[in-house]
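Here's the structure we're looking at; comments come further down.
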Amino acid sequence: ANPAYDPARSAEWWREEIESLKALYPGKPVIVTECGYPALEGIAEGAVGETMQAQVLEAELGALRPPLVSGVTVWCWADHPWPEEDFLRYLTTSPFGVVSRARRPKPALEAVSRAFRKARSITAVRAPHAPNAEDLFVRMVRPHLQEIPEVPFPEGFGIRPMRPGEGALWTDIQKDTERLFTIGNDLFEREFGDDPEATTWRCFLVVDARGTAVGTISAWYSRDVGGLDYGRIHWVAIRPAFQGKGLGKAALSHAMRVLARHHVRAWLDTSTARLPALRMYLDFGFLPDLELAGAREAWTSVQAKLRHPVLDAALGRKATP
């Protein structure tokens, strides 16, 4: 360890090296299999102190985020026995752990946890609730991302990733579309502000032949849904003047293919009042999640209005004609 070690310069070195690597292999994902810094247990300050370890890891993990990299592994979890190595003056215990051999957390553990929470934008899954007696929030899951229906955009329409600074445009589309509740001006920031870089490749605008945005959809993510990583179809909206043209189905097909590059399963939340959207999601292989409190009752209310074989199979009975 170098007493003059600069965490900010280390982070910049990672960026420069990976950008050079990506230039050699464009379009290929980059995974960093090891980054870390030593900290002698019980030593707070100095070049090999626990404070420096935390600062270095936080700086480096702040740089090693999508879209620069697809993943990173910290070396390592715990200090452990090590053969004598002359480059560390014959230490017999590896000092690179973020916890000690006795599993005492070093400051680096919280630094790593904080960096990963920020990078992954972990959010809690919202349970169903009832804004009114007829509109219940429900969750749908797709246990795999195989056999995604391919739905092309109609002539004159297409889709592109969002660009930085287009949050207000996204909000305008949502306000134009939403009829069940009020869209606040801060919604985009609340939904995506923890990971603005990801919006440039996970959030999309549906556009017409002139490039005017007429809809939006997001291929977002949730890293801890019942302990599992899920892709998330999020905030689907098509301006009313352009509904009925198949744009929602084409956008959903595109977003699901994006999710399939990074996830093995997906989920979404919606509400029982959105019958056309529910039919579309069922057609695309999303299943009712019946595990949440009140879910079966909510889906039974949908079944009374929407005939669909997937829904009938999930509830274990046929809807009343």
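The values are calculated or read from the model by the stated rules, or taken from the named source; none is laboratory data. Values in this document were obtained by computation on a predicted structure and should not be read as measured data. Cβ sites come from the backbone with ideal geometry, for glycine too, and all protein chains shown count toward neighbours. Accessible surface is based on the protein model in full, side chains and every heavy atom, while ligands, DNA and RNA are left aside. Shrake-Rupley method; radii C 1.70, N 1.55, O 1.52, S 1.80 Å.
Quick look at the values:
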quantity	calculated
Lone qualifier among D186, D176, D195 - being acidic (D, E), at pLDDT 90 or above and either in contact with a Gly (Cβ under 6 Å, 6 or more places away or on another chain) or open to solvent by 70 Å² or more (accessible area, probe 1.4 Å) (or both)	D186
Cβ-Cβ under 9 Å pairs, at least 6 apart or on other chains, region 158-185 side within 17 Å of D208 (Cβ to Cβ), far side open to solvent by 80 Å² or more (accessible area, probe 1.4 Å)	G158/A209; D176/A241; T177/Q243
Set A111, A130, A115, A124: member being within 30 Å of P164 (Cβ to Cβ), open to solvent by 40 Å² or more (accessible area, probe 1.4 Å), of a type in the set (G, A, S) and modelled with pLDDT under 90	A124
Lone qualifier among V264, V214 - being open to solvent by 40 Å² or more (accessible area, probe 1.4 Å) and in contact (Cβ under 8 Å) with a residue 24 or more places away in the chain	V264
Residue in region 38-51 that is surrounded by fewer than 20 Cβ atoms within 10 Å (Cβ to Cβ) and under 14 Å from R15 (Cα atoms) present	no
Counted residues, region 232-261 - those being of a type in the set (K, R) and open to solvent by 50 Å² or more (accessible area, probe 1.4 Å)	4
Residues satisfying the stated conditions in region 64-99, i.e. at pLDDT below 90, of a type in the set (S, T, Y) and on the phi < 0 side of the Ramachandran plot	S70, T92, T93, S94
Region 198-211: number of residues that are open to solvent by 40 Å² or more (accessible area, probe 1.4 Å) and either in contact with an Asp or Glu (Cβ under 6 Å, 6 or more places away or on another chain) or among the polar types (S, T, N, Q) (or both)	1
Criterion (aliphatic (A, V, I, L, M), surrounded by fewer than 18 Cβ atoms within 10 Å (Cβ to Cβ) and in contact with a Lys or Arg (Cβ under 9 Å, 6 or more places away or on another chain)) met by exactly one of L64, L68	L68
Residue in region 144-151 that is loosely packed, with under 11 Cβ neighbours inside 10 Å and over 22 Å from G231 (Cα atoms) present	no
Subset of region 149-202 [within 28 Å of D283 (Cα to Cα) and small (G, A, S)]	G156, G158, A198
Filter result (touching a residue at least 12 places away in the same chain (Cβ under 8 Å) and not in a loop (DSSP other than H, G, I, E, B)) within region 298-321	A298, W299, T300, S301, V302, Q303, V310, L311, A314, L315
Restricting region 256-286 to residues that are part of a helix (DSSP H, G or I) and of a type in the set (G, A, S), the residue that is nearest to D135 (Cα to Cα)	A277
Condition check for L57: touching a helix residue (DSSP H, G or I) at 6+ places or on another chain (Cβ under 6 Å), of a type outside the set (K, R) and at pLDDT 90 or above	yes
